[in-house]
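Working notes, structure below.
The values are calculated or read from the model by the stated rules, or taken from the named source; none is laboratory data. Quick caveat: nothing in here was measured; it's all calculated off a predicted structure. Here the Cβ is made from the backbone with ideal geometry for all residues, glycine too, and neighbour counts use every protein chain on show. Ligands, DNA and RNA are stripped out before the accessible areas are found, and what is left, the full protein with its side chains, is counted by its heavy atoms. Shrake-Rupley method; radii C 1.70, N 1.55, O 1.52, S 1.80 Å.
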Amino acid sequence: MNKLAINWWEKSVSLPVPHYKWPNIDDKIEKVVIEQLHKTISIYDKSGIFEEFENNFSNYHWLNHSLLFNSWTSAIFAMFESIWLWPWDEILCPNYTFFATISPITYNWAFPIPCDCDKDWNIDPNEILKKITSKTKAIIITHMWWIPCNMDLIVNICKENNLLLLEDCSHAHWAEYKWKKVWTFWDIAAWSLQWKKTLTWWEWWVLSTNNEEYYYKSLLLWHYNKRSSSEIPLDHDYHKYSTTWFWLKLRAHPLAIAIANDELSRLDTYLQDRNEFASYMINEVNDISFLQMPNFDDKLPSWYAFVMQYNQDEANGILLEKFYEALICEWLDELDIPFSTSLIHNFDLFKELNNVNPRLYKENIKTYTDIDFPNSVKFYNNALKLPVWNRECDKEIVEKYVEWIKKVAYYVVNEPWVFKK
Ligand SMILES: Cc1ncc(COP(=O)(O)O)c(C=O)c1O
């Protein structure tokens, strides 16, 4: 076995960086951009590339309405607006998620109520049950990293308690729970399509729903004037507001959507390829006792990322940070300890709503400590993340990554003292 790079103070082999490139830019993408540039770079209504993309997205998902936004925050802001939150409403949410899943709630004078996660790092239905009160209006869930939440239980809870179900599908494009696509369970779902996501083009977002009321309200918020006027029926109560409504214009850019439309047509292939790469990686690292993969049984992951759990006790007491450093020295440039996808209860925004926004909040949200969320704290503190590759030419890199992980793992198990140097 070669010596560890961490002890020799240099990387073992050099591979050209970056080791992960996403999205793939090819001639076809360049062509659709140029074509769109010559057509138009501003669209006021549901026409052109907006219409084509939204219809394709809805058809792909068997949905009635899809609406593009210029950012995730805009989309989710519209989501919360469209369900008409009232002051003091409570929205149950995962404690472990990207903060943007829920931060726009705080613009509505409502309260996010964090719930601990289950063994798969998703919101735990039992925790949801414990936190429902007469003020609970909705539950927002995130299918974290690529694994669908426990939808049977969550849907039942929503039905029995008359709660709305909102879904953040940003990590789980086309994931399935018991052979049913994740977004088919909800009242409204939103997808981040920022550049790292499985379906991407830079910065744009989609909100989808089968409910016409939510759609019209989102439309009014998203696109004053022409689009709202032409799509909201004349006899609808909202029609008269369609020129101005909330005065906001949050629409996406046609160039980005032209590319995204092309990407949408390749999605099935992307998912299939990601699945192959992820399965290869799992098979290869499965025997490493201190690295745990989640069990996804009857769920079909969509492989936004490859997240492993590190078990320090099984790793002869070696700290996660030390293991990470050893891998980085071997040249796993893409390895990440995902810090910003974090624990909601620790963000000052949520601890100090009345300081951050005293115009709205007279009192504070209940404050929590790590003890209230043992599972999410454990998950967060032990997560290691890699990308999921998908191109034939990535094979060499993936094989190298697996080789380096196995090499460092060998030392963790057999010669742990070398990490103490
Ligand atoms: C679960 C989840 N929701 C929402 C977002 C926000 O997406 P964006 O970066 O597009 O604002 C992210 C960002 O990565 C995310 O991971």
Report, by chain and number, residues whose modeled amide H sits under 5 Å from the one on Ile188, excluding near sequence neighbours (fewer than 5 apart, same chain).
-> Leu165, Glu167
Within the stretch 208-234, which residues have the backbone N less than 20 Å from the label spot 7 Å out from Tyr44 along Cα→beta-carbon, could you tell me?
-> 219-234
Full-extension gain in nm, Glu403 to Val418, via 0.36 nm per residue minus C-alpha separation | 3.5 nm
Between His239 and Lys3, take the C-beta separation as r, use R0 = 60 Å, and let me know the FRET efficiency to the nearest 0.05.
-> 0.25
Ser134/Tyr60 FRET efficiency (R0 30 Å; Cβ-Cβ; nearest 0.05) = 0.20
Work out from phi, with θ = phi - 60° and the Karplus expression 6.51 cos²θ - 1.76 cosθ + 1.60, the ³J(HN,Hα) of each residue of the stretch 96-113, listed in order in whole Hz, and give x for Gly and Pro.
-> 9, 6, 6, 4, 5, 4, 10, 4, x, 4, 6, 7, 10, 6, 9, 10, x, 10
Of all the Cα-Cα pairs you can form in the chain, what percent are over 30 Å apart?
-> 47 percent
So what is the relative contact order of the chain, in percent, for Cα pairs below 8 Å that sit 6 or more residues apart?
-> 21 percent
Between Ala175 and residues 5 or more places away or on another chain, the pairs with built amide H atoms under 5 Å apart involve Val182
Considering only protein heavy atoms, what per residue accessible area in square angstrom results for the chain with a 1.4 angstrom probe?
-> 45 Å²
Looking at the chain, send over the antiparallel percent of its DSSP beta bridges, to the nearest 5.
-> 60 percent
Quote the relative contact order of the stretch 275-359 in percent (integer), defining contacts as alpha-carbon pairs under 8 Å separated by 6+ residues.
-> 19 percent
Here the FRET efficiency for Asn354 versus Trp84, based on Cβ atoms and R0 = 30 Å and rounded to 0.05, is 0.85
Length gained, Ser230-Lys366, 0.36 nm per residue minus C-alpha separation, equals 44.5 nm
With θ set to phi - 60°, apply the Karplus curve 6.51 cos²θ - 1.76 cosθ + 1.60 along the stretch 334-347 and write out the HN-Hα couplings as whole Hz, x wherever there is a Gly or Pro.
-> 8, 6, 9, 9, x, 7, 6, 7, 9, 9, 4, 5, 9, 6
Give me the percent of the accessible area of the chain that comes from carbon and sulfur atoms, probe 1.4 Å, all protein chains in place.
-> 52 percent
Check Thr136: other-chain or 5+ apart residues with amide H under 5 Å from its amide H, H built from backbone geometry?
-> Glu90
Only helical DSSP H runs with n ≥ 4 go in: add -39500 (n - 2.57) per run for the chain, normalise by residue count and round the 222 nm mean residue ellipticity to 500 deg cm²/dmol.
-> -11000 deg cm²/dmol
Read phi for every residue in the stretch 314-328 and hand back ³J(HN,Hα) as whole Hz from Karplus 6.51 cos²θ - 1.76 cosθ + 1.60, θ = phi - 60°, with x for Gly and Pro.
-> 5, 9, 6, x, 6, 5, 3, 4, 6, 4, 4, 4, 5, 5, 4
